[in-house]
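To keep things clear, I will list the structure first and then write my remarks on it.
Where a number appears in this text, it was derived from the coordinates with a stated rule and is not lab data. Note that the structure is a prediction, hence the values are computed from the model and not measured. So basically every Cβ, Gly included, is an ideal-geometry build from the backbone, and we count neighbours across all protein chains shown.
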Amino acid sequence: MGAGEREQRDTRMSKKRIIIVGGGFAGVKCAQELARKLKAEEAEIVLFNSENHLVFSPLLAEVVGSSVSPMDVIVPLRQMLPRAFCRTEEVQGVNLEKNEVEYQSEQGETKQMAYDHLVLACGNVTNLNAVPGMADHAFALKTVGDAANLRSHIMEQMEKAEVAEKQERRCWHLSFVIVGGGFSGAEAAGEINDLVRSSTKYFKSFKREDVSVNLIHSRDQILPEISPGLREFAKRKMEKAGVNIIMNARVISATPEGVTLDDGKIIKGGTVVCTVGNSPAPLLARINVAKEKWRLVTEGDMRLKGSKNVWAVGDCGYIINSLDNQPAATTGQFAEREGRQCAENIVRVLHNEPTKPFYFKQLGELCSIGGHSAVADLFGMHLSGFFAWFVWRGVYLFKLPTFGRRLQVGFDWAWLLLFPRDLAHMRTRQTDRVSHAHFAPGDVIINKGDPPSHFYVIEKGEVEVVRATEKDPKGEVVAVLGSGSFFGEKALLSNEPRVATVRARTQVEVLMLGKNVFTQISGALAPLRDALAQTLNRRNTDAWKGQPEVYELLKGTSLKEIMESVPQPLLRPSATMTEVSRAFVESNNEFFYVSGDGKTLEGVVTITDLLRGRASGATGSTPVGEFMTKNPVALSEDDDCAVVAAAIREYRLKSLPIVAGKDDRTLKGCIRVRRLMAFVFRELRNGSDEAPKAADGAIRTIEATKAATGQTG
Ligand SMILES: Cc1cc2nc3c(=O)[nH]c(=O)nc-3n(C[C@H](O)[C@H](O)[C@H](O)COP(=O)(O)OP(=O)(O)OC[C@H]3O[C@@H](n4cnc5c(N)ncnc54)[C@H](O)[C@@H]3O)c2cc1C
């Protein structure tokens, strides 16, 4: 080894590399402090962050309320951290044995980078998947993109309310639901309330009274972080400003219409904002170390338990504050202080000095609640109202990371004291797209008479097609569709208004294809075109034409009258193909129901399924759960025989499972086509003495089954 090479290696060995993952409050403060305390030759600081900026989250609600511009709440990391090597890249994994982080390079290759010290400061993410439908229908409030999108959506709702023809629809556009009464939920509710109510004077079709802002919180007090007196004040102030606060309530599902609470109450609204459901950043799930409620458990000095050189700070760390031996709060204030003290401890380790445990006495809490009002708990003093709001603004202005941002935000705020908020918005809605939607039982998915906009594929659950007549405006169920089925094609293909109403029968997940996407795919994909043509043909043919008496008979007959008992034995999903084949041979059954608990319908298996399974590579040991028809359409005991006939026709079935209720798939029995046919034949013959007519009616009822090749036939 030459002298130059040795020297270079010596320098590299003495110069330490400190990698920070996350450019939020904690990571940035840590990097700034390291840069201040360590010379460039002592340490190289590398900061990985998914975006190229820090988000000043306490002002995100102000972006939503149009009080500041989205660009004012983000600060470019490289301008704040000139000493650090800022990499806008996502860290994919950490190899704790090799002291390396793994990341994806800009060309998509997996690369490794070694570290001497690693600081994990990756915060948390909002998990909208915890509540059915939330991911499809609610806005999160975590990133500047979330805030800007929500702001545009609110403006769009006001524009739609202005031109809505029906008052009910107008109020729906002007109804806002905010889930979570912590800091971010309360601030968002206050800002939205202020923005929409103060803007009503620019619109002709609605007034302040038409606006409703609902804040839903699972506990008996909002803002659990602040003192009870201030909470009460905040609640009173917000209610006086028009915010409807619903406490001790949990949202159990979200749909395009609004949210359903755990007591069954439905809060309708065109905008749902979810500020709850914090969960770990994906990287944390991939690191196998001690965790407490997904946060990384640290020693007192913020090193991961059992590690000498890996640290966790901010929202992702479970850190005990040595001031009171309590876990540190997940707030910006704590994150900054942890970042700073972590940097100090790293410097101590590099200088062979003992580290210190994390210690922080909180300065106070501040929360803006809208209407130029805030609540504050500062240095032990409780402030509320306009003065607290003024202090709130002053503190956050001072806390903004750069002088330039302070000037911009200060200017925005001063401007708003003199002029109204800006109601212009960028059009964020995409022209056409594929999306998911969740509907609760009873929700209307398509309304008769609506213009066609989407094609729907049922992923989970069941819907019912309802046809209203002048005699019966509420409508009667004419068909039930289950998972794998589709609807909405007729109006799209003919470009005419919807001819029937479709509503959710159970909890339903649907895939929605916008008009243009549907037209392009159905035009180009021959199998889909054929399936659509066949379905249209089937659905367009009036099975009851010339046979109104058959329809009347079936309509007036409860399916219990012709229901048979559940065919035995019930198979378990783990039953193998060999066992299923044997069951068919021994029992003479045409189908079996599959149930894990011996009660609930999970699937159905026919000989056709068996053969299909075999053809697609299943072996004797393959469990039936893998080749059965999962979650087949099922009717409930309170349905009538006309719906049975429609389902049989739609699905070309020879039998239908009957379950306890729309949302209860406990097996109760089955209906076979032959029995239905015999019933029609017998009843009509008894009534009219016209055997041929009766037979014709019966045959028409199940005409589709003559060519049955479908799921269970
Ligand atoms: C709407 C809202 C309002 C709030 N209001 C207040 C308030 O008034 N007062 C208060 O004290 N606190 C408030 N908070 C909480 C505060 O913002 C957080 O406690 C704080 O941001 C936590 O800082 P952090 O550095 O731990 O994480 P974050 O600020 O979340 O930063 C983490 C960063 O890490 C990045 N990252 C994650 N994984 C990776 C990876 N694998 N690779 C690269 N980068 C990654 C993320 O993109 C993100 O930029 C609010 C939060 C929100 C959402």
Interchain or sequence-distant (5+) residues whose placed amide H lies within less than 5 Å of the amide H of Asp301 are Phe358
Prolate/oblate/rounded call for the stretch 276-387, Cα gyration tensor, a/c under 1.5 rounded: oblate
Could you go through the stretch 457-467 in sequence order and give the Karplus-derived ³J(HN,Hα) for each residue, using 6.51 cos²θ - 1.76 cosθ + 1.60 with θ = phi - 60°, rounded to whole Hz, and x for Gly and Pro? 10, 7, 8, 8, x, 9, 10, 10, 8, 10, 10
In sequence order, what are the phi-derived ³J(HN,Hα) couplings for the stretch 365-381 according to the Karplus relation 6.51 cos²θ - 1.76 cosθ + 1.60 with θ = phi - 60°, rounded to whole Hz, with x for glycine and proline? 10, 9, 8, 8, 10, x, x, 6, 9, 8, 10, 9, 10, 10, 6, x, 9
Listed peptides 609-619, 28-38 by packing density, highest first (mean Cβ within 10 Å): 28-38, 609-619
Placed amide H near Asn278: partners under 5 Å, 5+ positions off or other chain: Asn127
Within straight-line cross-link reach of Lys37, lysines at Cα separation under 22 Å, skipping those fewer than 8 residues along the same chain: Lys15, Lys16, Lys29, Lys308, Lys356, Lys399
Report the Stokes-Einstein translational diffusion coefficient (µm² s⁻¹, integer) for the chain, Rh taken as the Kirkwood radius over Cα pairs, at 25 °C with viscosity 0.890 mPa s. 82 µm²/s
By the C-alpha gyration tensor axes a ≥ b ≥ c (rounded if a/c is under 1.5, else prolate when a/b exceeds b/c, else oblate), the shape of the stretch 214-294 is oblate
What ranking do Asp597, Asp72 get, fewest neighbouring Cβ atoms within 10 angstrom at the top? Asp597, Asp72
Between beta-carbons, use under 13 Å as the cut-off and find the net charge around Phe206, counting Lys and Arg +1, Asp and Glu -1. +3
In the neighborhood of Gly242, defined by Cβ-to-Cβ distances under 14 Å, what is the net charge if each Lys or Arg adds +1 and each Asp or Glu adds -1? +2
What is the sum of charges, Lys and Arg at +1 and Asp and Glu at -1, for the other residues whose Cβ falls under 12 Å from the Cβ of Leu59? -1
Counting each DSSP H run of 4 or more residues in the chain as -39500 (n - 2.57), what helix-only mean residue ellipticity at 222 nm follows after dividing by all residues, to the nearest 500 deg cm²/dmol? -10500 deg cm²/dmol
How far is helix 403-418 tilted off the main Cα axis of the chain, in degrees rounded to 10, range 0 to 90? 60 degrees
Pairs of alpha-carbon atoms within less than 8 angstrom and 6+ residues apart define the contacts here; what relative contact order does the chain have, in percent? 10 percent
Tell me which residues come under 5 Å, amide H to amide H, from Asp443 once H is placed; ignore anything under 5 positions away on its chain. Ala504
Please sort 319-327, 131-139 by packing, taking for each peptide the average over its residues of neighbouring beta carbons within 10 angstrom, highest first. 131-139, 319-327
In whole percent, what relative contact order does the stretch 511-611 give with Cα contacts below 8 Å and a gap of six or more residues? 16 percent
Let me make sure I get this right: for the stretch 198-253, a, b and c are the square roots of the gyration tensor eigenvalues over alpha carbons, sorted descending. Under 1.5 in a/c it's rounded, otherwise prolate if a/b > b/c, else oblate. Which is it? oblate
